[in-house]
Amino acid sequence: MRAILPPWTDPDPILHARLGDVIDPDRKVLAALERITPLSGKRIADVGTGIGHYPMLLARHTGRTYGIEAQPELLEAARLRAGQAHQPNIRIVEGEPESLPLRDEAVDVVLHGLIEADDACLPAIAEAMRVLRPGGRLIVMGYYGRDDVGALLDPEVVRIAHEATQRRTGWWLRHAFKIKVVHARFDLHDEATAQELLIRLYGDRGRAFLATPHKTSLELKLGLYHRARS
């Protein structure tokens, strides 16, 4: 979810819950994760879990899922949701990407929504590799671009996404990641929700988009950038 959110997005649990309903409502990301690596019975860490969106979706299939979050408001909401769901295999813990609250080789899969195509994120990648078992996999959920949603985003965000995913020269490939593109969607069928969310998130670009005839389902291409630990 955070892949297409502007940096000024509020750490508002209600906002994040609503976005969880309209971004990738068909759960294509989950299907794509399974194609990258089987998740059944695995130990998984979801870094930047927000309100625990992916731990909640994965709970019935995984051995244990750790939702790791640093924002106090989101951390509290994730803990509340996990408690209400009565899923004993979910653990919500506080932690930063560069200092994960897990021992060495603790998990089979690290899902990450906070790593970007920037050398400043290399320490977070190294930390994710530390907590992975040999043969485990780091999967970064990011923005791929070349879609309808690009019109709402800052042009610099779109440019970086394009450059980072270029064949042979892109940042992800240069850092040993493989790329799987997920053809998801941003569901805007509820006009009131579209008006509220797009203006709140994208400001003038959201207003301009809504002022013209527009689709009620925007094509959204997400990248699953994945790398195995040797």
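Each of Gly95, Ala59, Val47 was placed along the dipole of the chain (beta-carbon charges, centred on the mean Cα), and the one lying farthest toward the positive end is Ala59. Taking the Cα centre of region 122-184 as origin and assigning +1 to Lys and Arg Cβ atoms and -1 to Asp and Glu Cβ atoms, the resulting dipole is close to 500 debye. Close amide H contacts of Arg91 (hydrogens built in the peptide plane, cut-off under 5 Å, sequence separation of 5 or more or a different chain): Thr65, Tyr66, Gly67.
When you work out D = kT/(6 pi eta Rh) for the chain at 20 °C and 1.002 mPa s, using the Kirkwood radius from C-alpha pairs as Rh and the Stokes-Einstein form, the result is 119 µm²/s. Between region 60-97 and region 151-219, the C-alpha centres lie 27 angstrom from each other. Distant-in-sequence amide contacts of Arg137, defined by a placed amide H-H separation under 5 Å and a gap of 5 or more residues or a different chain, comprise Val109, Val110, Arg229.
Setting aside same-chain residues fewer than 8 positions from Lys215, which lysines have a Cα under 21 Å from its Cα? Of all the lysines, those that pass the test against Lys215 - Cα under 21 Å, at least 8 places apart if same chain - are Lys28.
Protection proxy ranking of 63-72, 127-136, by the mean of other Cβ atoms within 10 Å over each peptide's residues and highest first, is 63-72, 127-136.
Label zone (Ser217, point 7 Å along Cα-to-C-beta; backbone nitrogen cut-off 18 Å) within region 133-160: 147-150.
With protein chains left intact and a 1.4 Å probe, residues in the chain average 48 Å² of accessible area per residue. Just the number, please: carbon plus sulfur as a percent of the accessible area of region 64-179, 1.4 Å probe, no ligands or DNA/RNA counted. Carbon with sulfur: 49 percent of the solvent-accessible area.
Please work out the FRET efficiency for the pair Glu73 and Asp21, using the Cβ-Cβ distance as r and a Förster radius of 25 Å; give the result to the nearest 0.05.
On the way: r = 19 Å, r/R0 = 0.75.
Efficiency for this residue pair is about 0.85.
Of the trypsin sites (Lys or Arg not before Pro) found in region 156-201, those that fall in a DSSP loop while having at most 12 other beta-carbon atoms within 10 Å are Arg167, Arg168. Between Trp8 and Glu98, residue separation times 0.36 nm minus the direct Cα-Cα distance comes to 30.3 nm.
Just need the relative contact order of the chain here, percent rounded to a whole number, with Cα pairs under 8 Å and 6+ apart. For the chain, the relative contact order is 21 percent. Helix-only estimate, please: 222 nm mean residue ellipticity of the chain, summing -39500 (n - 2.57) across DSSP H runs of length 4 or more and dividing by its residues, to the nearest 500. That calculation yields -10500 deg cm²/dmol at 222 nm.
Taking a ≥ b ≥ c as the square roots of the eigenvalues of the Cα gyration tensor, an a/c ratio of 1.5 or more together with a/b no larger than b/c marks region 151-194 as oblate.
Checking the Cα-Cα distances for Lys180/Lys221; Lys42/Lys180; Lys42/Lys178 against a 18 Å cut-off, the pairs over it are Lys42/Lys180; Lys42/Lys178. Here r is the Cβ-Cβ distance between Ala85 and Asp204 and R0 is 45 Å; the resulting FRET efficiency, rounded to 0.05, is 0.70.
The values are calculated or read from the model by the stated rules, or taken from the named source; none is laboratory data. Quick caveat, the model's predicted, so the values are computed rather than measured. Backbone-built Cβ (ideal geometry, glycine too); neighbour counts: all protein chains shown. In case anyone asks, the SASA skips ligands and DNA or RNA and just uses the protein heavy atoms, side chains included. Shrake-Rupley method; radii C 1.70, N 1.55, O 1.52, S 1.80 Å.
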